[in-house]
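Data first, discussion second: the structure below is written as structure tokens.
The values are calculated or read from the model by the stated rules, or taken from the named source; none is laboratory data. Nothing here was measured: the structure is a model prediction, and the numbers come from that model. Here the Cβ is made from the backbone with ideal geometry for all residues, glycine too, and neighbour counts use every protein chain on show. Only protein heavy atoms, including side chains, enter the accessible area calculation; ligands, DNA and RNA are left aside. Shrake-Rupley method; radii C 1.70, N 1.55, O 1.52, S 1.80 Å.
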Amino acid sequence: MDAAAADLLVTTVVAIFLFLALCAALALVTVSVRRPRGTALLVASGIVVLCLVLVAVLPWHVPALYGAVLALLAVALATFGGNPVARWVLTVADGGRSAEGPRGGIIVELMGEPPAPPRQEEILRGGATIGYLERLAAALGIVAGFPAVIAVLVALKGIGRFTELATPAARERFIVGTLASLLWACAVSAIVPLALR
């Protein structure tokens, strides 16, 4: 077997491995969408890290057709997988103390002017939808070679949520959720440009 055929074989095997590994990670995060499962999410994260190390260390590149399929799969995993990952990280971070509201936010107790009693209010509504859009934009930006889109996303999200960040619980949830969500999207989508280099 000559060197060109050996290189093609290695490239094909690695591309198939990446495809199957990302499919497995997508399946693991999909079963965790309704109720985040730590074990499944940790295994999915391990698969993503393994894929990142593989494409960063091996001196090869995926052909364009494989790259397109890999890009679609990575964007889907980055977008949809970030929801259970971010929710699980938030649950771990606050020990499950934050109650989720009916519209996707969290219930916090706001202090009123004395003698008014404290009242409960749902804040950070629409976080799941915003998260999906944020991860989709981040993943597409990284795959397209424009990672600076992440700075724009963080700035827009901070400005849009500024008025809701009055309580410590809201600030903590905003920061932890945003970082977990974007870290997942960036790690998954970074596989594509590294594989195509």
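Observations, loosely collected:
- Residues (part of a helix (DSSP H, G or I), at pLDDT below 85 and either over 12 Å from Y66 (Cα atoms) or of a type in the set (D, E, K, R) (or both)) located in region 1-27: A3, A4, A5, A6, D7, L8, L9, V10
- Filter result for D7 (free of Cβ contacts under 8 Å to residues at least 24 places away in the same chain, among the acidic types (D, E) and either out of contact with any Leu (no Cβ under 7 Å at 6 or more places or on another chain) or surrounded by 14 or more Cβ atoms within 10 Å (Cβ to Cβ) (or both)): no
Residue-by-condition table, conditions (1) in a loop (DSSP other than H, G, I, E, B); (2) free of Cβ contacts under 8 Å to residues at least 60 places away in the same chain; (3) touching an Asp or Glu at 6+ places or on another chain (Cβ under 8 Å); (4) buried (at least 21 other Cβ atoms within 10 Å of the Cβ):
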position	(1), (2), (3), (4)
V33	yes, yes, no, no
V49	no, no, no, no
V55	no, no, no, yes
V69	no, yes, no, no
T79	no, no, no, yes
P84	no, yes, no, yes
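- Screening the candidates V62, V92 for the property of being among the aliphatic types (A, V, I, L, M) and not in a helix (DSSP H, G or I) yields one hit, V62.
- Test result for A116, at pLDDT below 75, open to solvent by 50 Å² or more (accessible area, probe 1.4 Å) and not charged (D, E, K, R): yes
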